[in-house]
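Shown next, in structure tokens, is the structure this report addresses.
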Amino acid sequence: MHHRTFGRTGWRVTEIGYGMWGMGAWSGSDDDESVASLERAVDLGCNFFDTAWIYGRGHSEKLLGRLLRARPDSRLYSASKIPPKNLKWPATDEMTLEETYPTDHIREFTEKSLENIGVSTLDLMQFHTWSDTWAGDERWQRAVESLKTEKLVRAVGISVNRWEPVNGLRALRTGLIDAVQVVHNIFDQAPEDELFPACRELGVAVIARVPFDEGTLTGTLTMDSAWPDGDFRNLYFAGDKLRASVEHAERLRPDIPAGMTMPELALRFILANPDVATIIPGMRRRAHVDANIRVSDGKPLDAAVVERLRAHRWDRNPR
Ligand SMILES: NC(=O)c1ccc[n+]([C@@H]2O[C@H](COP(=O)([O-])OP(=O)(O)OC[C@H]3O[C@@H](n4cnc5c(N)ncnc54)[C@H](OP(=O)(O)O)[C@@H]3O)[C@@H](O)[C@H]2O)c1
């Protein structure tokens, strides 16, 4: 497992981290299988874990707590997220800070996450949604400063809204944000335009989320893919979106180098970018943990392949 520096925090995190949404909230999750997969990841050296209160309303955080207690001798970095008070994703510019992240809510949910995970200090706490209209508001700024002063958190981040990578740049410039979590993959290359250069300049760590486009870039979706009622993927791939996703994945197939799988290519494309500190593929199954961590072998993707993948950029409208 190779490590990278997590922005100005100086933490040395594994370039393949762990996304814990699925195990907290998706249909078909099995806790024992999830915990075995988490432990397998630690055995293979993985040290960065991303969860959120909303992933099963504390359930995913509690699974992370189980992992930390099972592996007290490993330095594992834990990241969670404060849900917006109005529980609406994504944030819009019309929403006020009072509706989303009032001071007492920031504290209340940090304390909830600490309790669920079973630690007294969390490495990274992130805002789960963001609108840069709030950037200059001193209320969230003072709130996160006190979380740090009181050692409830070591670092603070923003998980920017899907397909809105620049909606956070002003907040980064306050100097109070240590990390940004953004959708970045073979399709979603837009963060490279403005967000990554700003992070480089400011020493803000980049967490690349949704490396497989929620499944499209695993190459396993078909026109007939369907999920049980209540599974978020029915929303993500609603209407025409499933067809468009499958078509984009099919268009990619001829550019997959011989001997490589689509998920491997998806991870190697992101790793080719030194601005990314860690990638957090969502994983519930041990076979996925093994396959994804195996990609962290220090062998760079051929520059000509990276160049060809530029053509697969797919900018989507967030609304
Ligand atoms: N707003 C936000 O802040 C936000 C939004 C979305 C995601 N996230 C974070 O980012 C993480 C990653 O995103 P995601 O989980 O939504 O999507 P993703 O990583 O793009 O895709 C996850 C899917 O890929 C499958 N998979 C993983 N490795 C595979 C492999 N090698 N071969 C085939 N399939 C594979 C997983 O299966 P199994 O689950 O069955 O192993 C799961 O179905 C989340 O877990 C969460 O921590 C944050």
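The values are calculated or read from the model by the stated rules, or taken from the named source; none is laboratory data. All of these numbers come straight from a predicted model, not from anything done at the bench. Cβ coordinates were reconstructed from backbone atoms using ideal geometry, including for glycine residues, and neighbour counts include every protein chain displayed. Keep in mind that these areas ignore ligands, DNA and RNA; they rest on the heavy atoms of the full protein, side chains included. Shrake-Rupley method; radii C 1.70, N 1.55, O 1.52, S 1.80 Å.
Residue-wise test of (1) free of Cβ contacts under 8 Å to residues at least 40 places away in the same chain; (2) away from the ligand (no atom under 16 Å from the Cβ); (3) open to solvent by 20 Å² or more (accessible area, probe 1.4 Å).
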residue	(1), (2), (3)
GLU247	yes, yes, yes
PHE269	no, no, no
ASP275	no, yes, yes
HIS288	no, no, yes
ARG294	yes, no, yes
ARG308	no, yes, yes
If I ask for residues that are away from the ligand (no atom under 16 Å from the Cβ) and either on the phi > 0 side of the Ramachandran plot or among the small types (Gly, Ala, Ser) (or both), which ones from region 216-229 would you list?
none
Regarding region 217-226, can at least one residue be identified that is surrounded by fewer than 20 Cβ atoms within 10 Å (Cβ to Cβ), in contact (Cβ under 8 Å) with a residue 24 or more places away in the chain and in a helix (DSSP H, G or I)?
yes
Does ARG154 count as over 22 Å from MET20 (Cα atoms), away from the ligand (no atom under 14 Å from the Cβ) and in contact (Cβ under 8 Å) with a residue 12 or more places away in the chain?
no
When residues of region 19-56 are limited to those that are surrounded by fewer than 24 Cβ atoms within 10 Å (Cβ to Cβ) and among the β-branched types (Val, Ile, Thr), the one farthest from ALA179 (Cα to Cα)
VAL35
Conditions: (1) more than 25 Å from SER159 (Cα to Cα); (2) out of contact with any helix residue (DSSP H, G or I) (no Cβ under 6 Å at 6 or more places or on another chain); (3) near the ligand (Cβ under 10 Å from one of its atoms). ASP213 meets all but one. Number of the miss?
(1)
Check on LEU124, away from the ligand (no atom under 14 Å from the Cβ), touching a residue at least 24 places away in the same chain (Cβ under 8 Å), open to solvent by less than 10 Å² (accessible area, probe 1.4 Å) and of a type outside the set (Lys, Arg)
no
Picking from SER27, SER34, SER74, which residue would you name as being over 15 Å from the mean Cα position of the chain (by Cα), assigned to a loop (DSSP other than H, G, I, E, B) and within 12 Å of the ligand (Cβ to nearest atom)?
SER27
Out of (1) under 25 Å from PRO300 (Cα atoms); (2) out of contact with any helix residue (DSSP H, G or I) (no Cβ under 8 Å at 6 or more places or on another chain), what's the single condition that is false for ARG75?
(1)
Enumerate the pairs (first residue in region 72-94 and open to solvent by 10 Å² or more (accessible area, probe 1.4 Å); second residue anywhere and at pLDDT 95 or above and among the small types (Gly, Ala, Ser)) with beta-carbon separation below 7 Å, excluding pairs fewer than 6 apart on the same chain, so at least 6 apart or on different chains.
THR92/SER131; ASP93/SER131
